[in-house]
Amino acid sequence: MEDLQRGSTIRRLISSCIKDDYYISASLIHLYMQCGDITNAQLLFDTTTTKKHYQCYIKNNQPNKAIDLFNEIKNPNEIIINLLFNACAELRTEEALNLIKKVSQDMSKSFYSNPHLLTSLLDALIKCSDCSNAEIVFTKITKSIIHYGSLMNGFNKENNPLKTLHLFNQMKLDGFVLDLIIYLCVLKALSKIGDESICQSIVKQIPYSFLVDNNIQNALIDMWIRLK
């Protein structure tokens, strides 16, 4: 607590030069994180030039520059790593995937308790076509319907429809209320499996309000055509 108070005092004294000096801001962010003051760590990071650069690069479709910036930073905190995963998700290359794996393996174990970081890691792995490792991350997070949909979509892209159906069944067991996106993922998986009895069984489970949706109808047409 005493260290945290000293850090806050120092921040007030040098507030005018923090935002443009990475080393000062990074040190203070690290102090806040070590003392468990996540709120002030996030607030400070939100004002720094580093974050603005990251966001600018990602927003302007320049993820390579965001990665170059990451490589210049020693001992990146979880906020920086989160932005790195976002940049890698935009690149979707083998090099980006290798960096994701390396950083996720090397980062502090405590970072795995950060749900936002894990969600970004999951998204990056899926978009870089590594659903095997994404599936491992998936087991460690508090799951939402968005997480399920993302992984289902990834399995479909990797031509692994049976795993999509497994997730569908798991969602029902866990009591999730399934939405339109989930049913679209399931129908796409069914079109790849080509088992008429399974198709009929699942189509019967789709609520009528979804059956009248154009996207669902198109997915159904595609599925039935592939069965013939």
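With R₀ fixed at 41 Å, the C-beta to C-beta distance from Ser108 to Asn215 puts the FRET efficiency at about 0.45.
Neighbours of Ser113, meaning other residues whose beta-carbon lies under 15 angstrom from its beta-carbon, give a summed charge of +1 when Lys and Arg score +1 and Asp and Glu score -1. Taking a Cβ cut-off of under 13 Å around Asp222, the surrounding Lys, Arg, Asp and Glu residues balance to a net charge of +4, with basic ones at +1 and acidic ones at -1.
Per-peptide packing, taken as the mean over residues of other Cβ atoms within 10 Å, places 83-89, 116-122, 202-208 in the sequence 83-89, 116-122, 202-208 from highest down. Sorted ascending by nearby beta carbons within 10 Å, beginning with the fewest, Asp174, Asp213, Asp123 become Asp174, Asp213, Asp123.
Computed extension gain for Glu158 through Ile193, at 0.36 nm per residue and net of the alpha carbon distance, reaches 11.3 nm. Taking region 176-209 and a reference point 7 angstrom along Cα→Cβ of Trp224, the backbone N atoms nearer than 13 Å belong to 200, 203-204.
Kirkwood hydrodynamic radius computed over region 133-187 comes to 11.1 Å, based on all pairs of distinct alpha carbons. Other residues with beta-carbon under 11 Å from the beta-carbon of Leu167 carry, at +1 per Lys or Arg and -1 per Asp or Glu, a net charge of +1. For region 144-228, the pair-distance distribution built from all alpha carbon pairs, in bins 10 Å wide starting at 0, is 18, 56, 25, 1 percent. Phi angles of region 91-100 translate, via the Karplus equation with coefficients 6.51, -1.76, 1.60 and θ = phi - 60°, into HN-Hα couplings of 6, 6, 10, 5, 5, 5, 4, 4, 5, 4 Hz per residue; Gly and Pro are given as x.
Values in this text are rule-based calculations from the coordinates and carry no lab data. Note that the coordinates shown come from a computational prediction; the quantities given were computed from them, not determined experimentally. Neighbour counts are summed over all protein chains in view; Cβ atoms, including those assigned to glycine, are modelled from backbone coordinates with ideal geometry.
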